[in-house]
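Please read the structure below before turning to the comments.
The values are calculated or read from the model by the stated rules, or taken from the named source; none is laboratory data. From a predicted model like this one, the values you see are computed outputs, not experimental measurements. FYI the Cβ positions are ideal-geometry reconstructions off the backbone, even for glycines, and counts take in every protein chain you see.
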């Protein structure tokens, strides 16, 4: 029996989940095709929001707009499911060299960035466990999202409304017509691919300049470590509650798979020992592949030949920050309400 819908989405990571959210919030009939995969990059990622980027200590692109929008969106989803998913939490950047300290102090006084620095007293914070007496720079308007929880609750809702097919997408079953697409027994006005790094294998999108990067994350349990901040020093230590902490993350551009490696585990534990002196046990080790892009701008828009085929991808390491705003932006474009921003329009590549 044939069925007509508004939009067909391929992939239910963070990108697909947020696009589903905004389209259904606008009353659209959406079907998602996604084979459940416990080690997708969305389910492995720590979900940290950090308003300051990189060694040059610059404000994250569009931070003034993206951060409040992301927080409000996640609060709305929390209210919808009556669950806690987003945790506001200051970040402590651990700084050792005098030059780094001076650089951070200079940035903290700049008009465009001073609102992202907390004035809390950090002098004695965690001195009993930290190595090397670092200077602690407190960053505000930061936190972390329980990504597996968010996409898990949305998936259950999709299942309850028969809005998801738990299967691999079959490209040979897709046909394009003048103003619609047909996939098996489904007819839709648009098909949007939200596949993460797997887009490099998609015949429609394999021409795009993705730079996927494998990342590995450890989860440790430590009764001696008690944190109310996310610690960052060439790595992150993220408190998840119940004496559990995520430790990460590595970057590798060679082996693009979800297989954890002993080499990465050893590297992360060495970094951990440089930051804190506590006893712990490793309780989990995960790997995923990030859909990163060279200029760190998402790919949003439509195929240059098949105008009914769209893409929402390339969110990379900033996905938790980018996904809510740009999923809404793309949804509004799909509904004819706005033009796509040039910076993210995939047409910039074509």
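Some notes on this structure:
- Test: residue in region 228-241 that is surrounded by fewer than 16 Cβ atoms within 10 Å (Cβ to Cβ), within 27 Å of residue 137 (Cα to Cα) and in contact (Cβ under 8 Å) with a residue 60 or more places away in the chain: yes
- Residue, surrounded by the fewest Cβ atoms within 10 Å (Cβ to Cβ), within region 72-96, restricted to residues that are touching a strand residue (DSSP E or B) at 6+ places or on another chain (Cβ under 9 Å) and free of Cβ contacts under 8 Å to residues at least 24 places away in the same chain: 75
- Single residue of 84, 73 found to be closer than 18 Å to residue 240 by Cα, outside any strand (DSSP E or B) and modelled with pLDDT of 90 or more: 84
- Breaking point among (1) under 17 Å from the mean Cα position of the chain (by Cα); (2) at pLDDT 95 or above; (3) not in a strand (DSSP E or B), for residue 338: (1)
- Filtered residue count, region 97-133, keeping only those that are part of a loop (DSSP other than H, G, I, E, B) and exposed (fewer than 15 other Cβ atoms within 10 Å of the Cβ): 15
- Test result for residue 301, in the same structural domain as residue 177 (by TED's automatic domain parsing), out of contact with any helix residue (DSSP H, G or I) (no Cβ under 6 Å at 6 or more places or on another chain), crowded, with 17+ Cβ neighbours inside 10 Å and outside any helix (DSSP H, G or I): no
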